[in-house]
Amino acid sequence: MTSPEVLISNLHALPKLMPAQNLPAHVHSVLFEAILSGTLAPGERLLVDEVAEHFGVSKIPIREALKSLEASGWVEIRPRRGTFVKPLSAEEMRQIFEMRRLLEPYCARMAALRRTDSHLAELGELVKEGRRTIQLGDVVSTNRINGRFHSVMAEAVGNEMLGNAVTELEFRLRRYFMAVDWKQRSESMAQHRAIYEAMREKDAKRAEELTLAHLDHIESLATKAVAREGFLLDAQA
């Protein structure tokens, strides 16, 4: 199936480029955050000339940034058609959650045993901030905090490769979570608190079980929400 294309540009919503020593890296960072937050919509076309004009730079750093984003799977460069933000995909989401089920319950179990006071303090603050951002209806911040909670839990294991893998999965999910009913996400944040409490008590088995139940819950929310909104490229495949 051909990917849907969003022809209306949202570049105007991006911050203007500030002077930076490494322009391609700076452009990459701004575009990456815009993709994660949904400011640049799935399927949106990114014309090199327009992006360069928006940032007030030449085309060279723009092309370098887009090639880097393509290499990491965030945009698609289609010959003679341009560059497009990667569309959402039911298959990608299925694969992400399959990976999360393999990695994150283990992370929770081991983190409950290995976490430091610093890890525990950050997790506690993230639980508080998550509840506050949901009350404020701040979708972007709630997404960021949710991802950071899972990343800190993985970092607490003390395995850098595992931590990087979980963080990458959290990045991939942020765009899908933009469609979730945020009233229902309050339950998800309550589950974060329960996981945090299990880790505080060093109850590895309970932390593992709660994390698996949490993954089941949020996958159900995300799947229903994005299907309802019609965002998934291959939902009917």
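The values are calculated or read from the model by the stated rules, or taken from the named source; none is laboratory data. This is a predicted model, so every value here is computed, not measured. Here Cβ is always computed from backbone atoms with ideal geometry, including for glycine, and neighbour counts include all displayed protein chains. Calculation scope for accessible area: heavy atoms of the full protein, side chains included, ligands and nucleic acids excluded. Shrake-Rupley method; radii C 1.70, N 1.55, O 1.52, S 1.80 Å.
For this structure, a couple of remarks:
- Restriction of the chymotrypsin sites (Phe, Trp or Tyr not before Pro) in region 113-203 to DSSP coil positions whose beta-carbon has at most 13 other beta-carbons within 10 angstrom yields no sites.
- Global form of region 13-131, assessed from the alpha-carbon gyration tensor, a/c cut-off 1.5: prolate
- Three-way shape label, region 129-178, alpha-carbon gyration tensor, a/c 1.5: oblate
- Between E187 and K59, the distance separating the two model label sites (each 7 Å from Cα on the Cα→Cβ line) works out to 5.1 nm.
- Loop-resident sites, region 67-157, for trypsin sites (Lys or Arg not before Pro), counting at most 12 other Cβ within 10 Å (DSSP): R80, R81
- Element breakdown for the chain at a 1.4 angstrom probe: carbon and sulfur atoms account for 53% of the accessible area.
- Normalised size of the chain, defined as Cα radius of gyration per 2.2 N^0.38 Å with N residues, equals 1.07.
- Pairs from the table (K128/K202; K59/K86; K128/K224) all lie within 29 angstrom of each other at Cα.
- Gaussian network model of the chain, springs between alpha carbon atoms under 10 Å - residue of I195, I60, I134 with greatest fluctuation: I60
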